[in-house]
Ligand SMILES: [Zn+2]
């Protein structure tokens, strides 16, 4: 195999036996890939970086975020502001049909599942599910069963549903959905839990944004700004920079008040993220930032990265996010996803004068997509509320 796996806690390395997301020695760590050969970057889309993806084949889908310097924001802040622009914005030659960076993760996840010939199941609060619904059709012999909190259909849409995707609405929050996905995997022999942020195929897919930025501009920025739910994107960017021999930027991550477990854990120096006894999906403006079990205190996770890069964590109010979003729309003429508004609002809270700052705009342009495509609300194939209900899913 062109890669092996590595545990950053006990430093052991081992081969991938398929969905090997935990250290054989039981460490609390995030398993990472190490590639044996020097890569050759060629072609376009995410596949340009195939040598750094733990998969063997590709699909005919080449959409990729735009990478650019923003003159407008650079002037506004007296800094150099760069964007990784994920979304559907034809004027910037970026046409990601599901509008968010989750699309990159899903492409790799599908191919990884195909390689190991496994059907997969997972829970999602929106963007990941949207991407599986749309792109699932590109995977051969993989069936995808998605568990989605029933009340969040507001954030979800489909263009052309993939036939190999089953949508299960769950009464209860994200926790319930995740739990049901795990139980569903235990009960069905060929179905495996997809792994979410622990799935290195997903993280290596997101790391391609780091390579693309360095290819385009030739340096590592001073700051990398992103809003986070699980933290997968931040870990991937950090690992990606290291993989290509660059010094990773100082990471500034943000979350949407009132649900800020990572921000609290970091700023109060807690060992792990605090427990919130409400369902964040109900209360949050940026609903995708609602992960209760982020990749924080595992070795190689957010805590290690914030420490190593002397980073920071910010809580952003909904009002601050919306102001940042309308400012952006005034300048560029299209809408950001709420999570991207949270990231943009972070720029007002750090001192960045004279610095090179890269903001990952994780989602945008749904308003533009709706002009070019018929965007439909999703329809669930099943609604479940108890473990017994899982029996009816085919
Ligand atoms: Zn280990």
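The values are calculated or read from the model by the stated rules, or taken from the named source; none is laboratory data. It should be emphasised that the depicted structure is a prediction, and the values quoted were computed from it without experimental measurement. All Cβ positions, glycine included, derive from the backbone under ideal geometry; neighbour counts span all protein chains shown.
Determine whether residue 308 is under 21 Å from the mean Cα position of the chain (by Cα), on the phi < 0 side of the Ramachandran plot and more than 16 Å from the ligand (Cβ to nearest atom). Spelling it out, it is not the case that residue 308 is under 21 Å from the mean Cα position of the chain (by Cα), on the phi < 0 side of the Ramachandran plot and more than 16 Å from the ligand (Cβ to nearest atom).
Which members of the range 92-102 meet the condition of being more than 18 Å from residue 359 (Cβ to Cβ) and either buried (at least 24 other Cβ atoms within 10 Å of the Cβ) or without any contact (Cβ under 8 Å) to a residue 40 or more places away in the chain (or both)?
93, 95, 98
Put simply, of 54, 8 the only residue that is more than 16 Å from the ligand (Cβ to nearest atom), in contact with a strand residue (DSSP E or B) (Cβ under 8 Å, 6 or more places away or on another chain) and part of a loop (DSSP other than H, G, I, E, B) is 54. Scanning the range 153-181 for residues that are surrounded by 15 or more Cβ atoms within 10 Å (Cβ to Cβ) and either in a helix (DSSP H, G or I) or out of contact with any strand residue (DSSP E or B) (no Cβ under 9 Å at 6 or more places or on another chain) (or both) gives 153, 155, 174, 175, 176, 177, 178, 179, 180, 181.
Provide a single number: the residues in the range 121-144 that are crowded, with 20+ Cβ neighbours inside 10 Å, touching a helix residue (DSSP H, G or I) at 6+ places or on another chain (Cβ under 8 Å) and more than 20 Å from residue 233 (Cβ to Cβ). Of the residues in the range 121-144, 5 are crowded, with 20+ Cβ neighbours inside 10 Å, touching a helix residue (DSSP H, G or I) at 6+ places or on another chain (Cβ under 8 Å) and more than 20 Å from residue 233 (Cβ to Cβ). Put simply, of 60, 37, 75 the only residue that is free of Cβ contacts under 8 Å to residues at least 12 places away in the same chain and either in a loop (DSSP other than H, G, I, E, B) or surrounded by fewer than 19 Cβ atoms within 10 Å (Cβ to Cβ) (or both) is 75.
Among the residues of the range 40-54, those identified as without any contact (Cβ under 8 Å) to a residue 60 or more places away in the chain and farther than 16 Å from residue 2 by Cα are 42, 43, 44, 45.
Being near the ligand (Cβ under 10 Å from one of its atoms), in contact with a strand residue (DSSP E or B) (Cβ under 9 Å, 6 or more places away or on another chain), outside the structural domain of residue 120 (by TED's automatic domain parsing) and in contact (Cβ under 8 Å) with a residue 60 or more places away in the chain is true for just one of 29, 13. Which residue is that? Of 29, 13, the one residue that is near the ligand (Cβ under 10 Å from one of its atoms), in contact with a strand residue (DSSP E or B) (Cβ under 9 Å, 6 or more places away or on another chain), outside the structural domain of residue 120 (by TED's automatic domain parsing) and in contact (Cβ under 8 Å) with a residue 60 or more places away in the chain is 29.
Residues of the range 77-97 include none that is under 14 Å from the mean Cα position of the chain (by Cα) and modelled with pLDDT under 95.
To keep it simple, each residue is scored yes or no on (1) more than 24 Å from residue 255 (Cβ to Cβ); (2) in contact with a helix residue (DSSP H, G or I) (Cβ under 6 Å, 6 or more places away or on another chain); (3) in a loop (DSSP other than H, G, I, E, B).
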{"position": "330", "(1), (2), (3)": "yes, no, no"}
{"position": "340", "(1), (2), (3)": "no, no, no"}
{"position": "345", "(1), (2), (3)": "no, yes, no"}
{"position": "353", "(1), (2), (3)": "yes, no, yes"}
{"position": "359", "(1), (2), (3)": "no, yes, no"}
{"position": "369", "(1), (2), (3)": "yes, no, no"}
{"position": "374", "(1), (2), (3)": "yes, no, yes"}
{"position": "383", "(1), (2), (3)": "yes, no, no"}
